[in-house]
Each structure stands twice: as C-alpha cells, then as structure tokens.
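See structure below.
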Amino acid sequence: MESNPEDIRAQLTAAGAVGVLAVEPFDGAAARVKFAPESAAALFQVFRDALGFTHLSTVGGIDWVTRYEVFYLLWSDATKRYVILSADLDAKTPHIETASPTWPSANWHEREAWELVGIHFDHHPDLRHLLMPDGYQFHPLQRAFKLHEPEELEVKVRHV
Amino acid sequence: MSAVAPAAPLPAAPKPGPVVGPGGELPVVTNDVTFVEIETLRSREFLPAAKEALSAMLKEQGESKLIRPVFNWAGRNSLFPLHWGLACCAIEFAAAFGARWDAERFGVVPRSSPRQCDLLIVNGTVTWKVAHKLIALYEQMPEPKWVIAMGNCATGGGPFRTAYSVVPGVDKLVPVDVYIAGCPPRPEALLDGILRLEALIRERGE
Amino acid sequence: MSEMWINMGPQHPMTHGLWNLRVRIDGEMILDVDPEMGYLHRGIEKISEDRHYNEVITLMDRTCYVAGMAWEHLYIQAAEKALGITAPERAEWIRMMSEEFQRLASHIMWYAAFVQDLGLMSPFLYGMRDRDLILDLFQAYTGGRLTYEYMRVGGVRNDLPEGFPKQAREVLDWLEPRLVEYDRLCMGSDIFRSRCDGLGVLKESDCVRLGVTGPMLRSAGSKRDIRKDRPYSRYSQVEFDVATADAGDVTGRYLVRMEEMRQSIRIIRQTLDWLDHHPGPVIADHLPRWLGAPYAPVGREGYLLKRNYPKGVGLSAIEEPHGEACAYVVNEGGEHPYRVKFRSPVFANLSACSHYLVGYRVADIPPIMGSVDVCVGEVDR
Amino acid sequence: MAITTLWDVAYFMATALLGLVGRIIPPLAAPLGNVDLIWGLAALVFGAILLAASMINTIMLIWFERKMLGRFMDRRGAMHVGYAGLLQNFADGLKLFRKNTFKPRDADGLGFYAGPTAYLVTSLLMFGVLPVSTGWSDGSLPLSMLLALVIFSFAPLFIFISAWSSNNKYSLIGGMRSAAQMIAYEVPILLAVVAVVVVSGSFDLNTIVNEQRNFWFWTLPLTLAMIVFVTGMLAEMERIPFDLPEAEAELVEGWNTEYGGMLFAYFMLADYVRALAGSILIVLLFLGGWTLPSYVPAALTSFPLAGIFWLMLKTYLVFGVFVWIRAALPRVRTDQLLRIGWMRLIPLSLASVVIAAAFVLVKCVPVLGCVPSMGG
Amino acid sequence: MAADVEQKGRSKPENPFLIIGKPLATAARQFAKSLIRPSTIVYPFERLEDPKFREEVAIRSGRPIGVGQVWDNYRGVHALNVNTCISCNLCAFSCPDLCIDMVTVPGGDPKHPKKCPQIDYGKCSYCGFCSDACPEGCLSMTTRYELSTPKRAEMVYSPQKMFEIYQRKLPMNPIRLERPANEDSILLDVPLCIGCNACARDCPTECITMLDIPKVAPKPGEKPAKRIWKEPVINDSDCVRCGTCISVCPKECLFWGTHS
C-alpha cells in the first residue's frame, strides 16, 4: 500500500532497465515510473519478468493539449502492489510500442485508448474500432472534442 | 446536431459530407438531418405488404361491431414484449417479471424472437451504433405493434444525451406510444406503463 | 454441414446486455469467436469531464447497473485521494457494508441470469425475489433501488435510518437458508453438474496473462482479492475468507460465487455490529465548494481556475463483484475532474473470451458466458 | 335410447338434424332417412365434438401449466384476464389470429406455410385414435396403439421442414436437433411399449386399458417401462429438460424463430396438443386409463361421464408432474441427450421387456387379492 | 485462510438414484409454500408503499416482503411548495442533468419576477441533489413513481403541477441533509469591488446590505476612482450559499472561502 519508489528504482537498476526518466512516489501504488516511449518494449519486459508485474490492469491515455500521456497500471501478485508506468507522447502524432506481446490483456485496452484518445500503438495485432462503429473518425476523449446539448434533430431512416 | 459532428478543430479534420462506415452503421449528417442507414434483409419486403394487409383487416373489422372489440380485447390483453435488455432499465424490466411483481399476471410474456412480439420495450440507452438494429427489430415485428420508451435514456437520452454516441430519444427512430419516466423506473412504474398502453389501445380501438 | 458464422446479439437471450458475439461454428462445435462491443458506449468518461466531482456519482450508478454501490465506492475513493479529503470512520464502514450488500445483490442477479440460461426457470424468480429484499434495504437508506447516489466525496449522504440494522439482520437471516436452497437446485442435480463441469476452462497462468480477474481468476486457484491484498476502506478490520477453487471451469466459478455470498453475509454482520456501537458523523466536516452538488454550486463556470486549489491524482482499486476495478482521477484544480479513467473487470474478462469458448459446443455458450457475468454497462462505459 | 357414449350423441344429433331437414322439406325426408347418411353425418359431428373438446382441453392445459408453474416459482401467473386468468390463452390465441402473417423474403413458401399446418393437423389426429372412455371412440381399431405412436412420430418431419424453409440459422440448428432427438427417442419408447404389449397381449388401447383393472398388479412389472416411456415422452414433447430444439438461451426461439402470428399459434397449439396426447397415452398405457382399480367403491365409477372424469384427472396429474420437472430441472446438452437416449434408455427398455416377459411366464402371482388374467 | 470450495461443493451426490431428487424436492416445497400465499404483489390493488399492506403480507407469508420500513425515502416525483420558494436557483445549479429550468410564476413583483423550477422528467435522473440543495425545504421528493404518459411534452412538470403534488400531501423523503457545520462563506475581494449593488439586488434572501464605506482621498497624481462608495456586507446566518451574487458580480470579486 505504501509508496516505495526507492525499491522500484533499485530493482530497475539491478535489472539494467534503460529509458527510465523518473521514479516518483505515488499514493496507492509503489511508484509512478516515467519512461521514454522509445524504450517501451524493453521496459515492459523488465517489468514483467524482472520485477514480477505479471498483471496489466489497464492502459489509458490523457490529452494534456500540449502533449499526450499514456499510462499503464500494473499489479504484482508476488509483492501485492501496483505500479504506474507513464510516458509523455508527442502531441502531433502520439504513438508508442504496443504492450500486447508482453501482456496479451493489453490488446483491448490499447484498442480503446487508440479509439478514444487517439494514441497509436505500433505493431498492435488488431488495432480496429472497439466501442465506436467502424469508420468513426473522431477521438472523443481529446480535449478539443466538446459535448453539447442535443438540439432538435430530425432522423430519417433510409433503407439500403 | 448532437455530438456526431463536433465543431472542434481536430488533427485529422473530417471532410464535410456523409460519413459512412463500411457497414453503413454511422448516422449520415447532411444539413441537420440524420439518416440512419439500415440493412434489413426481410423488413423491406414484408413491410408494405404488412401495412396493406393490416389496414384491410382493420377496415374489415371496422364494419363489424362485434368482431372488432373482441380483437381489441385480445390484443390489449396479450402483449408480448421483446426479450431485449439494453441498459439499467433492463434490470428493472427483469425485476418486473420476477416473483414480486410478476408481469405475467397481465398476460405479458417476453418472447425472444421479434416475429412473435407485439411490444417493443426500449429499456435503456440507445446508441447510434445500435440504432439501425433497433429499427430492424421494430420492422421485424408484425403489425399491430407498439413501443414503450422505458426510462429517461429511451425518452430523451437521459443523463447521457450530451454524449457523442447516444441517440437523444428513441422517438427519433421509432414511433413511441407510451413514455415511462424514471431512471430507472420502478417495476411498478413499468406495469403502470403497460396498463396505460392497454388503456390507450382500448381508446384508439386498434 | 459446412462452417458458418452466426451472430449472437445484440438481441439475443444469451447476451444479458447489448453486445454481439459472432461465432463460427461447424455443426455444434465452436471454431472461432469475435465479440463485438460498443453498443452501449455512452461516453461516461467524457461526460465526467463536464461534471462536478459529486455529480459524477450519478453516472457511476449507471456504469454498472448491477453493482452501482461498488462503482460509487471506487470512484469516491479515487476522487477523495485526488482532492485530498478523508471521510469519517463511520462513513467508511457504511461504504464497506454497502459494497458487500451490493456484492450479494449482484451475485444473486448473476445466479438468476445464469441458471435461466441453463433452462432452469424457477431459480431465476427465486433469485429476483431475494434480490428485491436487498434492494429494499438500499431503498431504505439511500432512496433508490438501482441508482443510489448515496456516497459523496467526504462521506455518505445520510446516516442509516433507525431500525435499519434490525431489518438488515432479518434479511440476512432470510437469505442464508435461501443460499442453501439455491445450491440444492443447482449442485443437487446431476444434470446441472453435467452441463457445467469442465466447461470454459481457463488456467491460472492464462488468467493472469489475459488480465482476467475476480471470481474467474479465483476459480482457477489464485487467491488474489484486492480486499485482502491491498485492503481499502476498513477491510483489514473484518474477518473473511477468500473463496477459491481449482478447476477454473463453470462449476468452479459457480462455487466461488456462492461461497463469496456467504462471506459477504459474514462481513455484513460484522459491519452491522460495528455500526451499532460507533455512532458519529458520516460526512467530513469542512468540504470545499468545487465538489458541486449538493453543497451548493460554484457559481460561474471556470472562475475557480484563477485561484490556487490543490491538484492531485487519485488511484483506487476495489474488488468489484465482477473482479478488479480501478479508477484513475486526475484533478487539475478545476471544478471538474480533468480526466477520469476506469478499469472495468468485465472488459478484461470478456476480451479473453476466445480462450474459453473455442472448442466447446454452441449449447455451452450460455453457461460459459453466464459464468463470466457480463455487465455491458461497465464494459462499454 | 339411452345416450351413454359420444357415438350415441353424434348419432342422435345427426338423426335430429336430418329429421329437421326432412320436416322442412318433405320430399327429402325419405332419402335423408338413409342409415348410411345418418352414420356419415354422425361421424362428422363426432369429429367436430372431438376437435372442439380437444382444443378447449389443450387451451386449459396451457392455463393449467401457467398457473402451476407460477406457484412453483412463488408467483401467481396469469390472473387478470378473465376469472383467475382463464381467458388469458383465448386472448393470446385471438391476438395471434389477428396478427399479420408474413413470410421472410428468402423463406421457402410451401414449406414455410405447410410445415406448421401439417404439424398441427397431425398432432390433432391423435385424438381420433386415443379412446377416452368406453364407447367414446371407435373401439374397432385393433392396432390403435401402434397407430397412435406412428402419428406421434410424424412431428420431426414437419418441424424440420418448417425449420429448413425459414432460412434462419437458429431455426435450422433447432430443426436438426429436433429431428435427431425425436428419432433417438422413438426407439426406447417403442421398446417400452413392447413391454406393455407383452403384459396385455394386445395392440388395442381399449384392451390394454381393460387389462388394467388389476391396477396394482399392472404397475409392478411395468414400472421400469413407465419410467422409460415417460422420459422418452418428455423428449418427444420437447419439454424441459429435453427442450433443446427451442433452447431459448442459445437458439433464440429454436425452430419457430421466424414464425409469428397464426403460424406461431399453430406451433404453440400443436406443442400442447402433443403434450395432452402424450399425457393421455401415458395414462392409457400405464395408469389405468378411465378405469379405477377393481376394489374401489362402485359409486366412484358409476356417475355420468365418470370415465372421462377419471381419465382427465389422471392426465392433468401426469402433466402436473411434467410441469414440476420443468420447474426444477435444467436443460441437458445435445450430446448428453443422445447419450441418455441411446446408452441409458435403450438398455433399460430392453430390461423392461425382459421383466415383463418374466412376469407373464410366471403368470400367477396374486397381488392384493387380484388374480391376473394375462395373455388377452 | 482461503476457503477452498472445491472439496465441499464437488462431492458426488450420495445416492445415485436421487440425482434429480434434491431440486425436485426443493421445488415441491416452494410449491406448497406459495399455494398459501405467493410473494407476488398484486400491483394495481396492493402497493408496496402502503405500510399496512406490507405488514399484513409479511405476516401471512412468513417472509420479509418489502422490508424497507422507511419506504418514504424513495425518490420519486418532486413536490414543490411554490409559496415558500425563494427563487434561489440552487436546484437548477445543482442539477447534474440540467433538467431544471427556472420559469416565471405569478406572484412576484414585476421588477423581480418570481422564478420556480420546472423539471423535465425525460431528463431527470432522480438523484435528489436538487432537494438536498434546497435551503428552504420547499422542493422535496415524494414516493410517487407512476409517470407514464403517451405524450413526451407531458413529462415536463411545471411549478404549478408540482405544487398540486405538494398539496396532495404524499409522503415526502424524510431524510434531510444537514448543512455542514462550518460552511464556506462568500468573501469579498475588497479592492476589486466597484459597489455596483448587483449582488444585493439579486440576492434571493436579501441578506446582502450595501454599507457606506468612508471615501478614500485619491493619492496625489491619481484620478479619483470611479467608485460608488458602498460595499456589500453579507449576513452569514441568513445566507443560503446559492452563489447568485458570485454569478452576477461583474468584477468577479466575490468568492468562496472561510473567514479565518
């Protein structure tokens, strides 16, 4: 339960992880690990194999307007704690290596993050729409996408 | 227009004009009129014929003062709703068929096939993705048929009406006979709505 | 007969919600499955960004409509962490009791739907009947049957009404023999056993790999339960056992859920005892204005931004009736949360469905998917 | 002339009708007095009465099931349409009659319409064969039991035809399951019936019933056969736990998924006609039909319509057992169903034949003072 | 610690002849029980909100039917006492679904028309935030839930309609939220205030008074400030914290805070 970034940092160093930018304390998790998106694939392996975070809870994205953030929530059965991985992505073409070879459960989470936030996951096995219909062109969870009250709207049914 | 066409500047700005997915599942936006394209295999064939047959039958019945009330009585006392759960209201819909409220008392028995139903109870949020399926189901039901919009999402989108994916009211897609307010309505409120529909059928003499 | 694809959904008695399972079959054998989600995608995460912190609660009840209390609890914990607020002790215990009641109600709902899929009609009605009693209790202290809007940032809306513990104990006394009855109806008959044994098997290693949590994971032998492993609320102060099974099949999931119901009753009895002897406030003393309703609105939109309010990020995880649920709330100092992200357990459990469906028969789909306990509201959000 | 049988009623009505016509149009009086003509008209009247009676009985059976199932499920069932919901099923039927009947575009026209019609008609034929009381049907059919079983086994053919012609995948799977299931369960049913034939020595249902006056003795050698027969009948009627062809959870409504309106009403009606006929068959073969054991007071069997009363009472009790099973048991799977049919029921039915034969050989075990008169 | 349910649950049925006996016996027992009185509520004639009926049924059937003795908590249709409504807007502000419109009702003076909430039940999610926020207790939720109508427009309840419901004296939701002990107050950013009187004019409870403040002589070299030399003083005990003054303040000089 207690945040313990030193332990994570020590373990990462021992495992020879590259691309770790910062290990911050985080309430409710062992640490929040900031990493460079280029070294994602290798780091995922380190976290799963060396640190024992075998379970990927979720993948999410945040639109910070000037940049995107992608975060991964991991859980370790052995030490019973969470850790958050987080990477800042470029605002123009946000993309990062997929985590689904490491954690197969990332498949659907990444599909969701791609379709709602607009973060592209490279080498994803099946990156297609999950929640919205095929061909939907917007990414609703981006800040620029605003909701508004529906006005009177006429719907016509057209048979094809 | 709801959020299907946000005015927001986006990195990959969509071209104006119809937005059609491969399955034709997206609402098409042109000049504030939303088309829902549906691909119904059977409905197109039988629908005109069905309407014709029904009107002929009703006309015939209209001449007979004896038969028409009998059929009206039968029709309103044996409403088979479609066994279809959309969202939260579906749980209360199920509870209404549970032991405590037992909607079967009124002859209301859910059937799984739309062919055997008279009543479409829209019990939950209708999204644009499911809109054309809803219309197809409605069209697969034989005449005469009725629609109850159960709960606020079906009535007017409810708390989700501002969302980009939600149809703000199922009356945009199919004609609604009775609205039931509630979020979700109690099972009693659903029964009340069904009784209201029965009264309505008697009133209209359908 | 040659192979064919059939669509099970979005209107199909098996789905228990709004999704489509596309199945490729050869005769009665399943060769491939392709779930199609999103028919109930209501943009809850997006709408939350336009709402005050307390107003998000109304969405939480509707996210998972069979486990509203659990989702309220999940969100409230994350929001409290993000805002730096702590709830009083009594409120925490009431929350814990509510969550366990919700688990009980959700599992009974699961039982009712699951046995109905197997063709057993009467347990469905028994289940709905007994669940209504729990909903009555909810109604007695929250005012709602499914949508409670009970928890608030910094506590809960109101204290338990007078006479509530007595009624709650009456209901628990009524439910305990009912659970035995449920077991007699299902495990007592050989037909049920032959329908469920050895179906939909998912081994523990596969569960972990595929992100499957909750009763599905525990039925495969794992003991992971957030309530034990990472105790939140006051779960460290109550006694209960984690139910596990070995086979990881439909029967195992059935047994785990039935045992969890008994454990829930055990926890509720302990919380009721605690609540009897510890009166106190149920909501924090001083709450900031930007929470929104019901503590008055904040006035003009956006005016808070020019003042310095604390920022923060809140992460919470609970053991929802379906599995591990997480919430991630980003507070950027405005009156609305900047980003809300939820982890739905059924989302992950369903994403693995090709692993536990392929190779079985068409007739096995209802029991297997029934044992997953699909709640589409939280999958699509 | 004392009117004691249905034939008498029909003959009386035919005579009266023709007499009336003869009275109105005197020149026709002589040709209308022809006995053959009266008998022919009497046969028509007989059929009409039988049809009406069986239909009303079937609808009451549905009501009975709904109410009883309701009590099993701790609820009330239909209760607001008519007194205690007695008119509910009539309302359902009328409504379905009014509903628009249609054919899906890609369905096969002939099969789509002919399937349900033939299904209903063949099911109704059962009532022409089953005797309901002494003299209440033509007792001159020496092989009436075989005929009844033959008519009963027409059903899978028509179900499969209508399922195939609906052009729906669920219907097709349901139809195939139905065919497989019914064929699998024909065999144990026939073997169980062989046991009955061995004991009674006759294929005539009237004789079989009359043999059962020694009621208690009858049940002893045939207990096993009865269990097999009832299980097989459950499968033939497609009721839980063997209602796989209509398994709601996986195959929306099974083979009648595409049917609505009156054609769907045909299916529903035919299902319950078969349930009624099957229950009557069980009563006739194993439970004494319209007779009571010989040691009960004569007053119980001597009031008017006593035979039909006892028969229907027993029938509804047997059907009540089916409802009880439906309330308490889940559905089995196709392979399990076939395994039960081929690997459990057939050996059991063979055993029942052997047991029955052994009893016939031993022949003279007096039970409760009854001396069996076996061998016909 | 972990309760392995595998061993307990998976044992084979003891008697092979009774493989279907247990469920049949259970169903039969339920049948016998419900022959006397099934747990069904014959809805239009028996209602759960009737406590007498609840007791009677519970005693007859021997099981807790409708246990919620505090059934009045149910959040149904609103009742509005138009007479005590102070038009503070709090209900409309606190509505998460934006289904409350403030509409003019007769009875106010022409300068300050009286506005009362009008609720669209096609949007309302029955969360009760509005009645919790209502400072006067004039908007509360009743136990009435039957709201089916064939017309969508009939689902918009005007203040008059809700007043009719109020006059019917239906059971009201008895749990009232207590206002927190030390609430935030409305504070004034004095240098920004121009003394325009907007807050005092629009305050629904009239708890704001404009007090004269001594004129400050302009510093040498500066023009005299264009300022009406009054500033609002808020009576905290009368204030209902509706935030109207904050909304109308043209200079954004009022804000939430504590006096300390």
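The values are calculated or read from the model by the stated rules, or taken from the named source; none is laboratory data. Here the structure is a predicted model, which means the values were calculated and not measured. Don't worry about glycine lacking a Cβ; one is built from the backbone with ideal geometry, like all the others, and counts go over all protein chains shown.
Name the single residue that is farthest from residue D:260 (Cα to Cα) among those in region B:135-144 being out of contact with any Ser or Thr (no Cβ under 8 Å at 6 or more places or on another chain) and either more than 9 Å from every other protein chain (Cβ to nearest Cβ) or in contact (Cβ under 8 Å) with a residue 60 or more places away in the chain (or both). Selected residue: B:138.
Name the single residue, out of those in region C:244-259 being more than 9 Å from chain E (Cβ to nearest Cβ) and on the phi < 0 side of the Ramachandran plot, that is farthest from the chain's Cα centre (by Cα). Lay out the reasoning, then the answer.
Step one: of region C:244-259, the residues more than 9 Å from chain E (Cβ to nearest Cβ) are C:248-250, C:253, C:257.
If we keep only those that are on the phi < 0 side of the Ramachandran plot too, we end up with C:249-250, C:253, C:257.
Values: C:249: 21, C:250: 19, C:253: 15, C:257: 13 Å.
Going through the qualifying residues, I end up with C:249.
None of B:90, B:131, B:96 is modelled with pLDDT under 85 and either among the hydrophobic types (A, V, I, L, M, F, W, C) or crowded, with 24+ Cβ neighbours inside 10 Å (or both) except B:131.
Of the residues C:228, C:223, the single one that is within 10 Å of another protein chain (Cβ to nearest Cβ), surrounded by fewer than 20 Cβ atoms within 10 Å (Cβ to Cβ), of a type in the set (Lys, Arg) and in a helix (DSSP H, G or I) is C:228.
Go through the residues of region A:71-84 one by one and say whether even a single one is within 8 Å of another protein chain (Cβ to nearest Cβ), at pLDDT below 85 and in contact with a Lys or Arg (Cβ under 6 Å, 6 or more places away or on another chain).
Let us first name the residues in region A:71-84 that are within 8 Å of another protein chain (Cβ to nearest Cβ), namely A:71, A:73, A:75, A:77, A:80-82, A:84.
Next, from what is left, pick out any that are at pLDDT below 85: none.
Checked against the condition, which is being within 8 Å of another protein chain (Cβ to nearest Cβ), at pLDDT below 85 and in contact with a Lys or Arg (Cβ under 6 Å, 6 or more places away or on another chain), region A:71-84 yields no hits at all.
Residue count for region C:52-80 under the criterion of being among the hydroxyl-bearing types (Ser, Thr, Tyr), within 16 Å of residue C:346 (Cα to Cα) and touching a Pro at 6+ places or on another chain (Cβ under 9 Å): the result is 1. Filter region C:174-191 down to residues that are over 23 Å from residue C:217 (Cβ atoms) and at the interface with another protein chain (Cβ under 9 Å from one of its Cβ atoms), then give me how many there are. Number of matching residues: 8.
Considered as a group, the residues in region C:20-55 that are touching a residue at least 60 places away in the same chain (Cβ under 8 Å) and within 12 Å of residue C:4 (Cβ to Cβ) include one that is surrounded by the most Cβ atoms within 10 Å (Cβ to Cβ), and that residue is C:23.
Once region E:96-117 is narrowed to residues that are more than 15 Å from the chain's Cα centre (by Cα) and among the aliphatic types (A, V, I, L, M), the residue that is nearest to the other protein chains (Cβ to nearest Cβ) is E:102.
Looking at region D:200-216, can you tell me whether even one residue there is assigned to a loop (DSSP other than H, G, I, E, B), under 23 Å from residue D:122 (Cβ atoms) and either away from chain B (no Cβ under 14 Å) or modelled with pLDDT of 80 or more (or both)? Within region D:200-216, one or more residues are assigned to a loop (DSSP other than H, G, I, E, B), under 23 Å from residue D:122 (Cβ atoms) and either away from chain B (no Cβ under 14 Å) or modelled with pLDDT of 80 or more (or both). Taken as a whole, the condition of being within 11 Å of chain C (Cβ to nearest Cβ) and under 12 Å from the mean Cα position of the chain (by Cα) does not apply to residue A:55. Note on region E:146-164: among residues that are assigned to a loop (DSSP other than H, G, I, E, B) and free of Cβ contacts under 8 Å to residues at least 60 places away in the same chain, the one that is nearest to the chain's Cα centre (by Cα) is E:158.
So in region E:118-129, with the set limited to residues that are away from chain C (no Cβ under 14 Å) and not hydrophobic (A, V, I, L, M, F, W, C), which one is farthest from residue B:158 (Cα to Cα)? Break it down stepwise before answering.
Filtering region E:118-129 down to residues away from chain C (no Cβ under 14 Å) leaves E:118-122.
Imposing the further condition that a residue be not hydrophobic (A, V, I, L, M, F, W, C) reduces the set to E:118, E:120-122.
Numbers: E:118: 16, E:120: 10, E:121: 9, E:122: 7 Å.
Only one residue tops the list, namely E:118.
Residues that are free of Cβ contacts under 8 Å to residues at least 60 places away in the same chain and either touching a strand residue (DSSP E or B) at 6+ places or on another chain (Cβ under 8 Å) or within 12 Å of chain C (Cβ to nearest Cβ) (or both) within region D:67-78 comprise D:70, D:71, D:74, D:75, D:76, D:77, listed in sequence order.
Which members of region D:331-351 meet the condition of being among the polar types (S, T, N, Q) and under 26 Å from residue D:222 (Cα atoms)?
Residues of region D:331-351 among the polar types (S, T, N, Q): D:334, D:336, D:349.
Residues satisfying the conditions are D:336, D:349.
Can you confirm whether residue C:94 is in contact (Cβ under 8 Å) with a residue 24 or more places away in the chain, farther than 16 Å from residue C:258 by Cα, touching a Phe, Trp or Tyr at 6+ places or on another chain (Cβ under 6 Å) and aliphatic (A, V, I, L, M)? Taking the combined requirement at face value, the residue does not satisfy it.
Would you say residue C:305 is surrounded by fewer than 22 Cβ atoms within 10 Å (Cβ to Cβ), modelled with pLDDT under 70 and within 14 Å of chain E (Cβ to nearest Cβ)? The answer is yes for residue C:305.
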